[in-house]
Amino acid sequence: MDMHRRVGSRRDTDGCLCHRRQSEQRACAAGSHHTCHDNRTGGNGSIRCDVCITAVISRTADHAGDNTDDNTGGNTAEQAATTAPKPTDAYRTESVPEGKPQPQEPQEQTITPEKHTCTFSVSCASVLAQKDTLSASVKEVVPDDGVILPPLSLFFNEGESVFDVLARVCREQHIHMEYTNTPIYNSAYIEGIGNLYEFDCGAGSGWMYRVNGWFPNYGSSRYAVKDGDVIEWLYTCDLGRDIGGNYGAQTGE
């Protein structure tokens with residue numbers, strides 16, 4: 001769960017978990033999925049591919065908020081029930097902290113040939129402390145050191161989003177990644193990376209993204225990458241509390 005919102009509620013494909021409730025998230029996860037050729041079947045009946053990126057057909061507006069990827073980097077039910085700040089735009093974005101980048105709508109961005117560099121990594125190290133409690137199918141996809149992709153310095157084009165970079169890196173590095181488009185948050189929601197999915201490590205687990213030490217409160221599709229950015233995709237087992245992105249603390253839980 002790209003918990004851009006907080007873990008526990010899916011994130012919109014951007015690095016945070018969404019404000020969606022778990023029950024709603026689970027309903028979304030049961031939607032139609034693109035099937036890839038692989039030998040691992042997901043709990044929702046979809047095939048999880050190790051080599052290609054699978055995309056879920058855009059969800060309806062009712063189910064769009066599953067992943068926290070669009071609003072805070074997480075996917076948990078608690079998030080929706082909290083007294084979070086009121087949205088400030090058409091895509092339910094909460095107020096962005098002063099000094100932090102404002103969301104940029106993907107349909108308004110122009111990708112140019114101009115090249116910049118950023119640092120990119122993917123980690124599920126938070127799972128290691130609970131590895132003994134996981135199912136055998138989940139254990140087998142968790143690297144011994146929790147590192148799915150070590151920090152890499154790479155080029156990106158002016159106008160690309162965090163999601164654009166994630167999709168390209170996963171394709172080039174042959175890392176599985178599955179996402180769902182969430183129109184209500186105008187962003188993608190990351191359901192799984194490296195065959196590790198939201199809820200695989202409990203109700204408060206999922207994928208979140210962090211840029212320069214900050215967990216954005218909007219989806220990764222809306223975060224325009226800047227030269228020198230340090231982008232991290234992190235898996236949380238506790239709504240972000242275990243990786244420094246405590247959604248509960250931000251909302252008063």
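Taking the average, over residues, of other Cβ atoms within 10 Å as the packing measure, peptides 201-207, 163-169, 143-149 rank 201-207, 163-169, 143-149 from highest down. Applying a DSSP loop filter and a limit of 10 other Cβ atoms within 10 Å to the GluC sites (Glu not before Pro) in the range 114-213 leaves Glu114, Glu140.
A short reminder: the numbers here are calculations on the coordinates, not readings from a lab. Small disclaimer: the values here were computed from a predicted structure and weren't measured. Heads up, the Cβs are rebuilt from the backbone with ideal geometry, glycines too, and the neighbour counts pull from every protein chain shown.
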